[in-house]
Amino acid sequence: MAESQVTRHARGPVTYAIRVFAIGYLLLLVAWPVALVVTHTFDDGLNSLRAVFSDPDTVHALQLSVIAAIVATAINTVFGVGMSLLLVRSEFWGKRLLSALLDLPLSVSPIVVGLALVLVYGGRDGWFGPTLDSWGIQVIFSTPGIILATAFVSLPLVIREVVPTLREIGVEQEQAALSLGASTWQTFWRITLPSIRWAVVYGVVLTLARSLGEFGAVKVVSGNVLGQTRTATLAVEEKYLNFEADVAYAIAFLLASVSVVAIAIVSFLRSRKAYS
Amino acid sequence: MTRTSGIGLGVAVLWFSLLVLIPLSAVVVTTTEGGWANFWRTITNEQTAHAIRLTVLAAVVVTVVNVFSGTAIAWVLVRDRFPGKALLELIIDIPFALPTIVAGLVLLSLYGNDSPLGLHLSNSSWSVYLAFAFVTLPFVVRMVQPVLEELDLDVEEAAASLGASRFTTFRRILLPSLAPAIAAGAALSFARAVGEYGSLVLLSGNLPFKSEVASVRILSAIENDNPAGAASVATLLLLVSLLVIVVLDVVQRKVAQRG
């Protein structure tokens, strides 16, 4: 189909003009700047990367980012798969409203996310904060707050991948399994999950990438305490402002590589699936 | 609805409320507790009002740019064919994937003080436009692209063979089919731009009356222990997010009805 489209269409000057515009726009806005960050990172060989891994505070920041991202992704995966099943397979009052609200985290400013969490879970005068504090649980300015903020911003990503796939596969196989005596649980593990596994994988990869890179919301809730609640993205800001630009570039390079690899995996899997 | 799914729904909604709905309501409640006068005073404060105006203006301009450039890029990806096109596909997703603070650093390397192009856009209001354009780049492209792929070329060719010019074919045949996708992409990119923070931190310098945006005003209010003030500006941004959700829902229902 794609082949015949091109051969049937004569390529006029307009085609070339639009092509040059698209390439030029992407080159100036994305490709060139990204390439510069990579070259800055390796300006003096591997020294700046070595500096990252020899500074205990920065290593701690990287670890905290990874832990928060993994926990938030685990929560969002379980929540996302469960919620998608409910949205597609059951009927209940307020379903449309819930489905619209689930997209809200993607369009709320990260700073508003942080503020919202502080207002509810803040230890001093949040709605639930003082109670949780008296139970010995500190949320804001601590790791649970970072995890909450991260889970908030990446909440809809699994759902957005899984819901269309669930709709597509239909219910015949599940009903067959149920009518042959399988339990709901068996049907989920043996029939439903295998057919949505790629959608779940995409969702998980996108959630991980988004979680690892969250900055604004984490900045508000973390308090940015050196060696305790500082994440990798906060370390980039601090290192840059403290005139350690090479270290900032190196951490940025690490974060960027993870996210670029993540999207490369997803688009590779997608295109392979599209051709099969 | 079975008992298991009932319990599941209860747990899921409880978690969603604790994480998202209650905190967001807290923002609105904190604003109303401060009263209308306080809300009005906060958002009409000279510095805040300037930040809000800059944010909205830049978001509108960037959204309009995205409508044109995004549609053009989607067209190139679907209809054009040349070596290296697969690379463009990857480049388009980079702004979504990059952490926002890294996005700021990335832009600084080409448009900062060491710019190889000699363009010094950092610490000026231009930096706000630049950062918004970067982070919102994929929205319109990724909404329009699948719709364009589904479109039947025969209709366009029929129009062309009946003597319609390329422009007429585009306006009368392509545009009506693409319009809902373009609108949805535009709404998402506007919402994203209005709330943007991370990519601006290093790039714009957050200079009052010059390159300071709304989310920076919220953050300074939080840091100055003024939650009511922070909540007032945040409520304004939340209204924008809600509006976008409503627009998207309406557009999607329209498309579903037609398709």
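Bear in mind that the values in this text are calculations on the coordinates, not laboratory data. This is a predicted model, so every value here is computed, not measured. Ideal geometry is used to build each Cβ from the backbone, glycine not excepted, and the neighbour counts take in all protein chains shown.
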Requested in this report: Would you work out which of B:A97, B:L248, B:I73 lies farthest towards the positive end of the dipole of chain B, given +1 charges on the beta-carbon of Lys and Arg and -1 on that of Asp and Glu, about the Cα centre?
Outcome: B:L248
Query raised in the report: Label 7 Å along Cα→Cβ of A:Q228; segment A:128-152 residues with amide nitrogen under 15 Å?
Result: A:137-146
Query - Paramagnetic reach from B:S165 in segment A:10-43 [backbone N under 20 Å; point 7 Å along Cα→Cβ] - result: A:10-19
Query - Under the span-like rule (Cα at least 18 Å along the axis, Kyte-Doolittle mean at least -0.5), DSSP H helices of chain B - result: B:3-16, B:22-44, B:46-79, B:85-97, B:125-150, B:175-194, B:227-258
Query raised in the report: Rg(Cα) of chain B divided by 2.2 N^0.38 Å?
Result: 1.20
Query - Cα centroid separation - segment B:67-133 against segment B:1-21, whole Å - result: 40 Å
Query raised in the report: Most fluctuating residue of B:L203, B:L87, B:L119 in a GNM of chain B with Cα springs under 10 Å: which is it?
Result: B:L87
**Report entry** Shape call, chain A: gyration tensor on alpha carbons, a/c limit 1.5
**Finding:** oblate
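Give the order of A:I196, B:I218 when sorted by the count of other beta carbons within 10 angstrom, beginning with the fewest. Mind dumping the intermediate values first?
Numbers: A:I196 22, B:I218 30.
With the sparsest Cβ surroundings first, the list reads A:I196, B:I218.
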Report task. Give the distance, in whole Å, between the Cα centre of segment A:104-154 and the Cα centre of segment B:191-254. Result -> 18 Å
Query - Cα gyration tensor category, rounded, prolate or oblate, for segment B:26-156 with a/c compared to 1.5 - result: oblate
**Report entry** Sequence-distant lysines (8 or more away, or on other chains) whose Cα lies within less than 24 Å of B:K85
**Finding:** A:K273
Query raised in the report: Computed from the mean reciprocal separation of all distinct C-alpha pairs, what Kirkwood hydrodynamic radius does segment A:138-257 have, in Å?
Result: 17.1 Å
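Please check chain A for the longest run free of chymotrypsin sites (Phe, Trp or Tyr not before Pro) that are loop-located per DSSP (anything but H, G, I, E, B) and have at most 11 other Cβ atoms within 10 Å. Walk me through the numbers on the way to the answer.
Details: sites that count: A:W93, A:W135, A:F243.
So the longest stretch without any such site is A:136-242.
Once R0 is set to 22 Å, what does the formula 1/(1 + (r/R0)^6) return for the Cβ-Cβ distance between A:D43 and B:L90, expressed as a FRET efficiency to the nearest 0.05?
Numbers: r = 25 Å, r/R0 = 1.12.
It comes out at approximately 0.35.
Could the peptides B:67-76, B:240-249 be put in order, highest first, of the mean number of other beta-carbon atoms found within 10 Å of their residues? All intermediate terms of the calculation are to be shown ahead of the outcome.
Details: B:67-76: 21.8, B:240-249: 17.9.
Going from most to least packed, we get B:67-76, B:240-249.
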Report summary line: With +1 on the Cβ of every Lys and Arg and -1 on the Cβ of every Asp and Glu, the dipole magnitude of segment A:158-276 about its Cα centre, in debye rounded to the nearest 20, is 280 debye
Query raised in the report: Among rounded, prolate and oblate, which fits segment B:142-259 when a ≥ b ≥ c are the square roots of the eigenvalues of its C-alpha gyration tensor, a/c under 1.5 means rounded, and a/b larger than b/c means prolate?
Result: prolate
**Report entry** Rg(Cα) / (2.2 N^0.38 Å) computed for segment B:68-140, rounded to two decimals
**Finding:** 1.24
Query raised in the report: Relative to the Cα centre, what is the charge dipole magnitude of segment A:45-275, using +1 at the beta carbon of each Lys and Arg, -1 at the beta carbon of each Asp and Glu, and rounding to the nearest 20 debye?
Result: 640 debye
Report summary line: What the 20 Å binned alpha carbon P(r) of the protein assembly as shown shows, as percent of pairs per bin from 0, is 21, 54, 24, 1
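I want to verify the translational diffusion coefficient of segment A:72-134 in µm²/s; compute it with Stokes-Einstein, Rh as the Kirkwood radius over Cα pairs, at 4 °C and 1.567 mPa s. Before the final figure, lay out the partial values.
On the way: Rh = 14.0 Å.
So the translational diffusion coefficient is about 93 µm²/s.
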Query - Most positive-pole-ward Cα, A:F268, A:Y240, A:T41, against dipole of chain A from beta carbon charges - result: A:F268
